[in-house]
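A short write-up of the structure that comes next.
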Amino acid sequence: MATSEAQIEHVRALIAGIPPGRVVTYGDLAAAAGLSTPRTVGWIMRTDSADLPWHRVVGAGGRLATGKPERQARLLAEEGVPVRDGRVDLAATRFPLS
């Protein structure tokens, strides 16, 4: 099923609303936007997130992005999010989307 423009904009708005020092997972975003899979969020972010705080979105279990982990870790650290062994502590930094 194709992703609608409304779904894309909803995901973008959710990402834009993540405050500094907090993170969400791809799965959190997918659930909040009513998408069937976190992979759709990844696709949206790959194609349309240059103007968003992309670094605040992490993988399941707090894993950093595979493509830019050093940059993501630096940006998160600048916001006070501790990164250890390529992960953030979701219990301490996860932002509730609902």
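Note on surface exposure: ARG84, ARG12, ARG63 rank ARG84, ARG63, ARG12 by accessible area, highest first, 1.4 Å probe.
Using only the Cα atoms of the stretch 1-53, build the gyration tensor, take square roots of its eigenvalues as a ≥ b ≥ c, and label the shape rounded, prolate or oblate: rounded if a/c is under 1.5, else prolate if a/b is larger than b/c, else oblate. Intermediate values should be presented prior to the final figure.
Values: a/c = 1.81, a/b = 1.40, b/c = 1.29.
Because a/c hits 1.5 or more and a/b exceeds b/c, the stretch 1-53 counts as prolate.
Estimated from helical segments only, the mean residue ellipticity of the chain at 222 nm is -12500 deg cm²/dmol, where each DSSP H run of four or more residues counts as -39500 (n - 2.57). Largest GNM mean-square fluctuation among GLY62, GLY80, GLY21, using the chain with Cα springs under 10 Å: GLY80. Dipole size of the chain about its Cα centre, with +1 on Lys/Arg Cβ and -1 on Asp/Glu Cβ: approximately 280 debye, rounded to the nearest 20.
Summing charges over neighbours of ASP51, with a neighbour being any other residue whose Cβ is under 15 Å away from its Cβ, gives +1 when K and R count +1 and D and E count -1. Scaling the Cα radius of gyration of the chain by the globular reference 2.2 N^0.38 Å produces a ratio of 1.00. Taking a spot 7 Å from the Cα of ALA16 along the direction of its beta carbon, which residues of the stretch 23-51 have an amide N less than 13 Å from it? 49-51, by backbone N distance to the label point.
With both labels modelled 7 Å from their Cα along Cα-to-Cβ, the THR3 to SER98 distance reads 2.0 nm. Of interest is the spacing of the C-alpha centroids, which for the stretch 1-36 and the stretch 56-98 amounts to 16 Å.
Which is farthest toward the positive dipole end of the chain among PRO20, PRO38, ALA77, measuring Cα position about the Cα centre, with Cβ charges +1 (Lys, Arg) and -1 (Asp, Glu)? Farthest towards the positive end: ALA77.
The values are calculated or read from the model by the stated rules, or taken from the named source; none is laboratory data. Every value quoted in this text rests on a predicted model; they were computed, and no experiment measured them. Neighbour counts are summed over all protein chains in view; Cβ atoms, including those assigned to glycine, are modelled from backbone coordinates with ideal geometry. These area figures cover heavy atoms from the full protein model, side chains too; ligands, DNA and RNA do not enter into them. Shrake-Rupley method; radii C 1.70, N 1.55, O 1.52, S 1.80 Å.
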